[in-house]
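Reading through the structure tokens given below for one structure.
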Amino acid sequence: MWMRSTLTYRVSFVLTTVGSGMTAFLDFAAILIMFTHVDALGGFSVAEVALLYGATSTSLGLADLALGNVDRIGARIRDGTLDVLLVRPAPVFAQVAADRFALRRVGRIVQGLLVLGWALTGLDVEWHAGRVLLLVVMIVAGAAIYGAVYALGGAFQFLAGDAAEVQNSFTYGGNTLLQYPPSIFGKDLVRGVTFVVPLAFVNWVPALRLLGRDDPLGLPGWVDFLSPAVAVVMCGLAGLVWRAGLRSYRSTGS
């Protein structure tokens, strides 16, 4: 329904989609400006940083398109309109995700893919089936990890009532962090996004394998292939927390 509504005004849809992509591109423009003054950032070339940027932006774009509206659940909890979703013969999570579905968010995905394609043409990497598969799995698993963070943030709002910005700090904030090489950050921060909130598995960990670079934490090589497993664990955890949050809902009392 929301897609049909959006496509009814096609000029508006094109303009907002292009605007969404251009707004997201400003982050990469800042990176390009940095490289007009330096040859490498944390030992990474512009093409290598573009790979990190393109991978995390595409993954976030996919998750944002599918689940970006989960942060609206806080408003529904506060005004009691979540009750309407509970009586419908459809999963509440699916209804929340589809609520006011914003097709214009494909602009971020396209922009991320364009930067990623540009990065691949500038990398000195010998591509074979294994590396191509790792790249695809990195993007898909990254989207699943971001999606799990969206779901966890939505579930937290059953307790907090309004915590959309907390969720955004891990999604959009994590995306900004992952656009840069892990070598420019302190090891404590890298450990935090590897073992506490495992956003490093969105792109840092598998990308280091693609680029043939050493892990700053000295982790064994098999860890580079754990992104799918981390995504499964995160999604499972998000599902459990979401169900617990939904069971705790008591409406507004009005």
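Things to note:
- Pairs with Cβ under 6 Å, 6+ apart, first in segment 83-100 and farther than 13 Å from Leu65 by Cα, second among the hydroxyl-bearing types (Ser, Thr, Tyr): Asp83/Ser251
- Ser20 meets the conditions (1) within 30 Å of Asp215 (Cα to Cα); (2) assigned to a helix (DSSP H, G or I) in every case but one. The failed one is (1).
- When residues of segment 217-234 are limited to those that are under 19 Å from Pro181 (Cα atoms) and in a helix (DSSP H, G or I), the one modelled with the lowest pLDDT: Gly221
Yes/no per residue for (1) within 30 Å of Leu82 (Cα to Cα); (2) buried (at least 23 other Cβ atoms within 10 Å of the Cβ); (3) at pLDDT below 95:
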position: Gly154; (1), (2), (3): yes, yes, yes
position: Gly212; (1), (2), (3): no, no, yes
position: Asp215; (1), (2), (3): no, no, yes
position: Gly236; (1), (2), (3): yes, no, no
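- Helices (runs of 4 or more DSSP H) enclosed by segment 116-210 - at least 3 residues per element that are under 21 Å from Phe28 (Cα atoms) and in contact with a helix residue (DSSP H, G or I) (Cβ under 9 Å, 6 or more places away or on another chain): 129-160, 164-178
- Within segment 193-236, restricting attention to residues that are of a type in the set (Phe, Trp, Tyr) and without any contact (Cβ under 8 Å) to a residue 24 or more places away in the chain, the residue that is nearest to His128 (Cα to Cα) is Trp222.
- Scanning segment 158-174 for residues that are more than 17 Å from Gly54 (Cβ to Cβ), out of contact with any Gly (no Cβ under 9 Å at 6 or more places or on another chain) and crowded, with 22+ Cβ neighbours inside 10 Å turns up nothing.
- Residues located in segment 242-254, provided they are of a type outside the set (Ser, Thr, Tyr) and either exposed (fewer than 14 other Cβ atoms within 10 Å of the Cβ) or over 21 Å from Val84 (Cα atoms) (or both): Arg243, Ala244, Arg247, Arg250, Gly253
The values are calculated or read from the model by the stated rules, or taken from the named source; none is laboratory data. Everything quoted here is computed from the prediction, not taken from an experiment. Cβ atoms come from the backbone with ideal geometry, glycine included; neighbour counts cover every protein chain shown.
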